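Read the structure below first, then the notes.
Coordinate-derived values only; no laboratory data. Quick caveat, the model's predicted, so the values are computed rather than measured. Please note: Cβ atoms are built from the backbone with ideal geometry, for glycine as well, and neighbour counts cover all protein chains shown.
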Amino acid sequence: MMKAIRFEKAGGPEVLKLVDVDLPPPAAGEVQIRHTAIGLNFVDTYYRSGLYPAASMPSGLGNEAAGVITALGKGVKGFKVGDRVAYGTGSLGAYQEARNIGTARLVKLPKSIKDETAAAMMLKGMTVRYLLKGCHKLKRGETVLFNAAAGGVGTIFGQWAKAIGAKAIGTVGSTDKVAKAKANGYAYVIDTSKEDVVARVKEITKGKGVPVVYDAVGKDTIEQSLNCLSPRGLLVSFGNASGPVANFNLGVLASKGSLFVTRPTLYNYTATDADFKATARDLIKMVSSGKVKIKINQRYPLAEAAKAHADLQARRTTGATILVP
């Protein structure tokens, strides 16, 4: 028996329960991992709330964790018992003490990356990689806008953009988060509780606007994000922290300068094994180089997953958060 977080119906953080479950031996092509650290991501709240439907109920939760291989299924090659590994995509089920998982989306960890770091970086770091290399190839000298700069994805994005030589403008929701965003590579930080984002972006860019806005907030910032773009600019809407964008009028894109909008997902940018491996390889290289540092600002016991979700949604967290089995 092992401890695992399960939920039987969609709802608020209170639906998450710690239960005892059996874990069978790994099937062919799978390994069994004893988790040492589990990543917490905003997308987890989408599955818990029902915004993204779980495949079945009761359901596990989480896509990201690190740990040690304890058993091999039949036919597994390239991995052995004792290997330190991590993953950041796949089926739900990271919120538990151990799990069986296929090896196609599993990466070995170098000595330079600790387990906790790996659990906090895989999903968020691979998301940043597709944002700045897939949706738009960010170039040295470009100035772009990133909403929610003090969050888990935002803290990695700011550092990676700086390493490329780009200038990132970040938005944060309170004064105490301004310094955190600046420390993570943002050339400019806008405090939305005090400043007009559109006016400030126009000021920074001398009236031109930015070629790209990266926005994980969704409903509350869609119009603001579009108004920050230069003609033929791109809005990368990759999250729904404030709720999904609905009933969008495409004519708005024409009136604001023939704009482009994309709604990408990590799944689609790592759909092939080759894409996944290239994405993970770039992330591990950046973190190992020290150019991107993963800052874990909150740790919760696995049993307190509900509290972690409540704090995440209330914006009481910054940077990365992990659950400890």
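Pull out the extension gain between L23 and A163, defined as 0.36 nm times the separation in residues minus the alpha carbon to alpha carbon distance; nm, one decimal.
Length gained, L23 through A163: 46.2 nm.
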- Item | the chain - share of DSSP beta bridges that are antiparallel (%, nearest 5) | 55 percent
- Message: If I model a spin label at A310 and K133 as a point 7 Å from the Cα along the Cα→Cβ vector, what separation in nanometres do I get?
- Response: 4.0 nm
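Work out how much length K114 to N227 would gain on full extension: take 0.36 nm times their residue separation and subtract the Cα-Cα distance, in nm to one decimal.
Stretched fully, the K114-N227 segment lengthens by 36.6 nm.
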- State the Kirkwood hydrodynamic radius of the stretch 245-311 in Å, one decimal place, computed from all pairs of distinct Cα atoms. 16.6 Å
- Grab every C-alpha pair in the stretch 140-263, bin the distances at 10 angstrom width from 0 up to the longest one, and report whole percents. 14, 48, 33, 5
